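Below is one structure, written out as C-alpha cells, with a few remarks after it.
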Amino acid sequence: MLRQYELVDLVKSYDPDADEDALNRAYVFAMKKHGAQLRASGDPYYSHPVEVAGILTKFKLDSSSVIAGLLHDTVEDTDTSVEEIRGLFGEQVAQLVDGLTKLAMIEQKSVNNKQAENFRKLLLAMSEDVRVLLIKLADRLHNMRTLHFLKPEKRSRIAKETLDIYAPLAERIGMQEVKSELEEIAFREIHKEAYESIRARLNFLREQGSNIVPKIIEQLKKDMADNDIAAEITGREKTPYSIWRKMQQKNASFEQLSDIMAFRICVDDIAACYQALGIVHSKYHMVPRRFKDYISTPKPNGYKSIHTGIIGPENTRIEIQIRTHEMHEVAEKGIAAHWAYKQGQKAVGTNFRWIRELLEILEQAQNPEEFLENTKLEMYNDQVFCFTPKGDLIGLPINSTPVDFAYAVHSGVGDTCVGAKINGEIRPLRTVLQNGDQVEILTSKAQHPSTEWERFVVTGKAKAAIRRYVREHKRDQFITLGQQILERIFKGESLEFSEKGLVNVLPNFEAEGVDDIYAKVGEGLVTGWDVLKAVYPGYKQSKLGKVVKSLKVPGFRKEKKKNTPLKIKGLIPGMAVHFAGCCHPLPGDRIVGIVTTGKGVAVHTIDCKLLEKYADEPERWLDISWGEDAEAELHVGRLKVMLNNEPGALAELSNLIARSNGNIANLNITNRTVSYFELIVDVEVKDLKHLTDIIAALKASKMISYVSRSS
Ligand code: MN
C-alpha cells in the first residue's frame, strides 16, 4: 500500500502546485473514517481508496481527483456526509464524491445483461464531470486486481459486469490500457480454462520459436534501413483475451489464427507509411484478405493505421501495422493524445489539464467528429434512463413522463396507467423523469388512454398509441350517434329507415360502408338531411322541414306540430303559427307572437334578440301564453355544450340526456380543438324545467366543461 508521503510525492511529480495539505488531510480522513473495516483480503479497508488514488496518479489527474479517490467510499460506507466533505475539502471534491456515491447507489440496482448498453449510457449520462468516471474506473480496476480474494459467485458476477460495462466504458473515453487490464482479469475469471489453454499455447510457441519476436524485429529494421526509411519497430504477443475474441469472432481455432504476434512499424509521415508497406509487400508474401487501409478510410472512432498480414521473416505468419508516430499516440491514448498533439505538446499526459480540456471538447459538438464518436458524454444528454421495479433499465428521450415509461414497458401498461410511483412516491403522470428514477406504474383495467396525455408525452410510441385509441373509440361513438340521428330524422318524416337504402348511396358520401355514413353524420361532416335526400331523391320536405334546414337544424321533429294545433293561448283563430328558429321557446318561457307576412305567427321568447327588429311595429306583437297542457307535447330546446375531447365523452352526453328523458333531436359540432368539442345540441323536452334539469345533469359531468341554453 502506498504510504502517505509516497502518494503526495507522486502527485507532486507531475503537478508541483498540488495541494499537499489537502492530500495529507484526505489520506488521514479516509484512514480514520474506514477505521477498523477490513477488505476481503484481510487488509484494512482504507488500503483500497489509497490504491485507487495511486491509480489516479498514473492517469496524472489533478489533486481534487486524487483526494476524491481517497474519499470515494466514505459517504457510502461510513457516517460521513457530503456536507462534511464540502466543509473540509471544498466544493469540487464534494461534487466528485457525491457523483461517485450516486453511481454506487445506481449500480446496486440489479441490471441484467441485455441492459448493459443502457447501463453504460446511464453511467456516462450520470457522470457530469468526466473525472467521476475516471475515478470510478480506477475504483473498478483496483477491485478487479483484488478480485481473487472474493467468493467465486461474487467474482464471476463482478467479472461479467466488468466485461459488459466497465471495459467498454474505458474504451469509450480512450483509456486503452485500463480497458485491456480489466478485460484480461475478467477473462481469466470467467473463462478460466480458455485462458489457461491459450496461455499454455502461447508459452509453447514462445519456447518453440526461441525468441522469435526479437529476430523478426531485427529483420524488419534492416528492411527499412536498407530503403532509407526511419522507422521504429516493436513486436508483441497478443493478449489471451484478444486472441480468444478473435477466435470467437472468426470461429477459428488457435492454430488458424495468423496474428498471435503483431508488429508495428512507426514512421514519420503518411508517405513513409506507404513506402514501408511497399517494402513489406515486395519482400514477403501477403496473406489474402488481411490487408486493410485505415489511413485512407479511418475507423469511425478516428483510428488510423495500415494493417496487413504476411508470411514474414522466419517464415512465420504475422500481422503488421504501419502508422505514423502521431497516429500511434492517438491509437494508444485516445482523445487525450489527440488533444496533446493539437497543443503541440511533446509528452502526452504530462499535463492533467487534458481532463478539463477533454471536457471542453466533449461539450462542443463541432469538435472533430472522429474523436468524439465514441467518447463524448454529451451523446446521452438527450436521454434519461430509469428503472422498473425489477431493476430493468428503460432508456427514454429527455422530458419523458411516466406515461412514456409505461408505453415503453408495454403498450398494455400504457393504455391502463392511472398513476405512477417515482422512487416510492406517488407522482402525477405528467412528471418529468430524471436519470436513475425508479418508476412503478399503477394500472387499472377501467382506465383508457386520455387525450390529455397527448399534451405531455414525448415518445412516438406513446403518442401513436393514444391517437390510435382515441381515433378508434371516437369513431365508435360517432357511428352510434350518427345512426341515432338518422333513425330519428327518417322516423320524423315518416319514412322507412333501412341500412339497405343507405348501401345504395354509399358513393354519394365517399363511404365504403354504412358505418362510414353513420360516422360522418355523427361527426357532423354530413347532415342527416343530406342522407335522407340522397336515399329519397324525390322527397319533398315539409314546410317546417325547410325552415329547419335553412337554420341547419336537421332532425327537428315536427309531425306533431303539423297535425296538432299548438297549445298556445291568445292566437288569432285560423292564423298559422310556428316557433321561430332563433330562440326555441319552451313551456315555462314567457313568449310573444309576431305576426309575419305570409308565414303567420312566429313564437319567440320574450327576451329573443330578434324582437328588437319589431320594436317600432307594436301592431305586429301578439300577447300569447302557453296552454294548460302545453308540456304534453315535446318542444325543442337548444343547448350549447363544451365537451372534453376524450373517449367516452359523446356517449356520456347522450346517456345523460337520455336518462333525463330528453331526446337528442340534432347535434352539430361547431368547433373542435385538441382539448374540447363545441356542440350545439337540440333536445326534445317537455318544458323549460325539463331543459333546466338536463342542463344541471350535464353540468355535473366531469367530461362536460360548459353547458348553457342557447338561442
Ligand atoms: Mn471503492
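The values are calculated or read from the model by the stated rules, or taken from the named source; none is laboratory data. Computed from a predicted model, the values in this text were never measured in an experiment. Note that each Cβ is placed from the backbone with ideal geometry, even for glycine, and that neighbours are counted across all protein chains shown. Protein only, heavy atoms only, side chains kept; ligands, DNA and RNA dropped before computing areas. Shrake-Rupley method; radii C 1.70, N 1.55, O 1.52, S 1.80 Å.
Here is a yes/no grid of residues against (1) part of a helix (DSSP H, G or I); (2) touching an Asp or Glu at 6+ places or on another chain (Cβ under 9 Å); (3) at pLDDT below 90; (4) surrounded by fewer than 17 Cβ atoms within 10 Å (Cβ to Cβ):
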{"residue": "GLU153", "(1), (2), (3), (4)": "yes, no, yes, yes"}
{"residue": "ARG157", "(1), (2), (3), (4)": "yes, no, yes, yes"}
{"residue": "LEU163", "(1), (2), (3), (4)": "yes, yes, yes, no"}
{"residue": "LEU169", "(1), (2), (3), (4)": "yes, no, yes, no"}
{"residue": "LEU182", "(1), (2), (3), (4)": "yes, no, no, no"}
{"residue": "ALA186", "(1), (2), (3), (4)": "yes, yes, no, no"}
{"residue": "GLU189", "(1), (2), (3), (4)": "yes, no, no, no"}
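The set of residues in segment 661-676 being buried (at least 22 other Cβ atoms within 10 Å of the Cβ) and either assigned to a strand (DSSP E or B) or without any contact (Cβ under 8 Å) to a residue 12 or more places away in the chain (or both) consists of ALA665, ASN666, LEU667.
Kindly check whether there is at least one residue in segment 584-593 that is open to solvent by 40 Å² or more (accessible area, probe 1.4 Å), out of contact with any Cys (no Cβ under 8 Å at 6 or more places or on another chain) and either within 22 Å of ARG709 (Cα to Cα) or at pLDDT 75 or above (or both). Break it down into steps so the answer makes sense when it comes.
Step one: filter segment 584-593 for residues open to solvent by 40 Å² or more (accessible area, probe 1.4 Å), giving 588, 590.
From what's left, out of contact with any Cys (no Cβ under 8 Å at 6 or more places or on another chain): 588, 590.
Right, trim to either within 22 Å of ARG709 (Cα to Cα) or at pLDDT 75 or above (or both) and you get 588, 590.
Yes: segment 584-593 contains one or more residues that are open to solvent by 40 Å² or more (accessible area, probe 1.4 Å), out of contact with any Cys (no Cβ under 8 Å at 6 or more places or on another chain) and either within 22 Å of ARG709 (Cα to Cα) or at pLDDT 75 or above (or both).
Are there any helices (runs of 4 or more DSSP H) wholly within segment 1-102 with 3 or more residues that are away from the ligand (no atom under 15 Å from the Cβ), and if so which?
Values: elements: 4-14, 20-34, 47-58, 63-71, 74-77, 82-89.
It comes to 4-14, 20-34, 82-89.
For segment 270-297, a tally of residues being touching a His at 6+ places or on another chain (Cβ under 9 Å) and either open to solvent by 80 Å² or more (accessible area, probe 1.4 Å) or not basic (Lys, Arg) (or both) returns 4.
Please work out if LEU698 is crowded, with 18+ Cβ neighbours inside 10 Å and within 23 Å of ARG467 (Cβ to Cβ). Quick ask: steps written out before the conclusion?
Numbers: crowded, with 18+ Cβ neighbours inside 10 Å: yes; within 23 Å of ARG467 (Cβ to Cβ): no.
In short, no.
Of the residues in segment 140-156, none is closer than 16 Å to LEU123 by Cβ, away from the ligand (no atom under 14 Å from the Cβ) and not charged (D, E, K, R). Of all residues in segment 299-319, none satisfies being modelled with pLDDT of 90 or more, buried (at least 20 other Cβ atoms within 10 Å of the Cβ) and more than 30 Å from ARG199 (Cα to Cα).
Quick check, is LYS562 closer than 27 Å to LEU688 by Cβ, over 47 Å from the mean Cα position of the chain (by Cα) and modelled with pLDDT under 70? The answer is yes for LYS562. Scanning segment 30-48 for residues that are open to solvent by 30 Å² or more (accessible area, probe 1.4 Å) and not small (Gly, Ala, Ser) returns MET31, LYS32, LYS33, GLN37, LEU38, ARG39, ASP43, PRO44, TYR45, TYR46.
Okay, residues lined up against (1) over 26 Å from THR673 (Cα atoms); (2) free of Cβ contacts under 8 Å to residues at least 40 places away in the same chain:
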site	(1), (2)
ASN399	no, no
ALA408	yes, no
GLY412	yes, yes
THR416	no, yes
ILE422	yes, yes
VAL457	no, no
ARG467	no, yes
ILE479	no, no
GLU487	yes, yes
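Looking for something in contact with a strand residue (DSSP E or B) (Cβ under 8 Å, 6 or more places away or on another chain), at pLDDT below 85 and aliphatic (A, V, I, L, M) - is there at least one such residue anywhere in segment 234-250? Spell out how you get there, then give the answer.
The first filter runs over segment 234-250 and keeps only residues in contact with a strand residue (DSSP E or B) (Cβ under 8 Å, 6 or more places away or on another chain), leaving 234-238.
Subset that is at pLDDT below 85: 236-238.
With aliphatic (A, V, I, L, M) added as a condition, the list becomes none.
Scanning segment 234-250 turns up no residue that is in contact with a strand residue (DSSP E or B) (Cβ under 8 Å, 6 or more places away or on another chain), at pLDDT below 85 and aliphatic (A, V, I, L, M).
Being under 29 Å from THR324 (Cα atoms) and either out of contact with any helix residue (DSSP H, G or I) (no Cβ under 7 Å at 6 or more places or on another chain) or not hydroxyl-bearing (Ser, Thr, Tyr) (or both) holds for only one residue in LYS160, LYS192, LYS154, LYS250, and it is LYS250. Those strands (runs of 3 or more DSSP E) of segment 413-470 in which at least 3 residues are over 17 Å from the mean Cα position of the chain (by Cα), considering only elements entirely within it, cover 417-422, 425-427. Flag: THR670 matches the condition of being of a type in the set (Val, Ile, Thr) and modelled with pLDDT under 85.
Tell me the residue from ALA649, ALA658 that is of a type in the set (A, V, I, L, M, F, W, C) and surrounded by fewer than 16 Cβ atoms within 10 Å (Cβ to Cβ), please. Break it down stepwise before answering.
Values: ALA649 fails: surrounded by fewer than 16 Cβ atoms within 10 Å (Cβ to Cβ).
Unique residue meeting the criteria: ALA658.
Restricting attention to segment 485-516, the residues being among the small types (Gly, Ala, Ser) and not in a helix (DSSP H, G or I) number 4.
VAL409 meets each of the listed conditions (1) at pLDDT below 85; (2) open to solvent by 50 Å² or more (accessible area, probe 1.4 Å); (3) touching an Asp or Glu at 6+ places or on another chain (Cβ under 9 Å) apart from (1). The lone criterion from (1) under 47 Å from the mean Cα position of the chain (by Cα); (2) at pLDDT 80 or above; (3) among the small types (Gly, Ala, Ser) left unmet by GLY522 is number (2).
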